[in-house]
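A quick write-up on the structure given underneath.
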Amino acid sequence: MLTATGDIWHVATRQDVVVIPVNLGWRGDGRAVMGAGIARQAAARFPGLAAAYGAELRGHYWARLVGRIGGTPAGRAPDLALVEPMGPIYKPVTRLCKGLVLFPVKPLNPLEPWRSWMSPASLELIQRGLPTLRAAGLQWAEDSRALTLLPLIGCGHGGLDPAVVVPMLESELLEDCFVLVKEPVADADAATP
């Protein structure tokens with residue numbers, strides 16, 4: 001895995017796939033809750049993303065609920081929502097990047113889905129999604145030389161410690177087609193006159 005420093009949207013090129021950390025909740029109007037961090041930035045940059053992802057989440061939730069009630073095997077929440085080039089959920093209409101991967105880091109609050117964003121990020125969700133992300137990223141790299149750019153997933157508004165998350169990422173995403181993009185850290189001494 002490579003590393004870069006900067007705003008992920010400025011680092012991304014037309015060939016790259018950008019990973020967006022998200023929660024598994026939705027609002028009363030059906031749109032996904034994407035109110036902070038890179039998820040909020042993505043929702044603002046790609047109109048329709050929150051509605052498309054919210055529909056996907058509700059579909060998985062109802063499939064699980066019906067599976068439990070009807071006695072058939074229940075589905076589970078998606079490891080990743082693969083958003084163009086691999087999936088049908090949402091295709092960016094700009095040339096900012098090749099596609100988006102919505103990577104769940106916060107679990108669903110089944111009683112109040114709109115409050116799922118309040119939960120801390122889950123190491124289990126991250127660990128469960130990494131093999132799927134790795135397989136998809138390797139395929140994109142092979143097919144079109146795309147890089148998969150990801151932030152410190154779960155470490156911003158999710159509250160996880162980068163010292164715990166980075167080794168998980170490094171152990172799973174070994175190849176150079178994955179780029180961990182870290183936000184620049186403001187230098188306190190530089191701000192002093």
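The values are calculated or read from the model by the stated rules, or taken from the named source; none is laboratory data. This is a predicted model, so every value here is computed, not measured. Using ideal geometry, Cβ is built from the backbone for each residue, glycine included, and neighbour counts are taken over all protein chains shown.
Has the stretch 103-123 got any residue that is surrounded by 12 or more Cβ atoms within 10 Å (Cβ to Cβ), free of Cβ contacts under 8 Å to residues at least 40 places away in the same chain and of a type outside the set (Val, Ile, Thr)? Can you show your working first?
So the first thing to find is which residues in the stretch 103-123 are surrounded by 12 or more Cβ atoms within 10 Å (Cβ to Cβ), and the list is 103-110, 113-123.
Going one step further and asking which of them are free of Cβ contacts under 8 Å to residues at least 40 places away in the same chain, we end up with 118, 122.
Of the ones still in play, those that are also of a type outside the set (Val, Ile, Thr) are 118, 122.
Scanning the stretch 103-123 turns up at least one residue that is surrounded by 12 or more Cβ atoms within 10 Å (Cβ to Cβ), free of Cβ contacts under 8 Å to residues at least 40 places away in the same chain and of a type outside the set (Val, Ile, Thr).
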**Prompt:** What number of residues within the stretch 23-55 satisfy the criterion of being of a type outside the set (Gly, Ala, Ser) and either part of a loop (DSSP other than H, G, I, E, B) or modelled with pLDDT of 90 or more (or both)?
**Reply:** 11
**Request:** Check Leu149, Leu100 and return the single one that is closer than 24 Å to Gln41 by Cβ, modelled with pLDDT under 90 and surrounded by 14 or more Cβ atoms within 10 Å (Cβ to Cβ).
**Result:** Leu100
**Fill in**
Among (1) part of a helix (DSSP H, G or I); (2) modelled with pLDDT of 85 or more; (3) buried (at least 17 other Cβ atoms within 10 Å of the Cβ), Trp140 falls short only on (2)
**Asked** How many residues are surrounded by 10 or more Cβ atoms within 10 Å (Cβ to Cβ), among the hydrophobic types (A, V, I, L, M, F, W, C) and modelled with pLDDT of 90 or more if we restrict to the stretch 152-193?
**Response** 15
**Item:** Filter result (in contact with a Phe, Trp or Tyr (Cβ under 8 Å, 6 or more places away or on another chain) and either under 12 Å from Pro21 (Cα atoms) or assigned to a loop (DSSP other than H, G, I, E, B) (or both)) within the stretch 98-125
**Value:** Lys98, Leu100, Leu102, Lys106, Leu108, Pro110
**Prompt:** Does Gly71 satisfy being of a type in the set (Gly, Ala, Ser), at pLDDT below 80 and out of contact with any Gly (no Cβ under 6 Å at 6 or more places or on another chain)?
**Reply:** yes
**Prompt:** Quick check: anything in the stretch 2-19 acidic (Asp, Glu) and over 13 Å from Val101 (Cβ atoms)?
**Reply:** yes
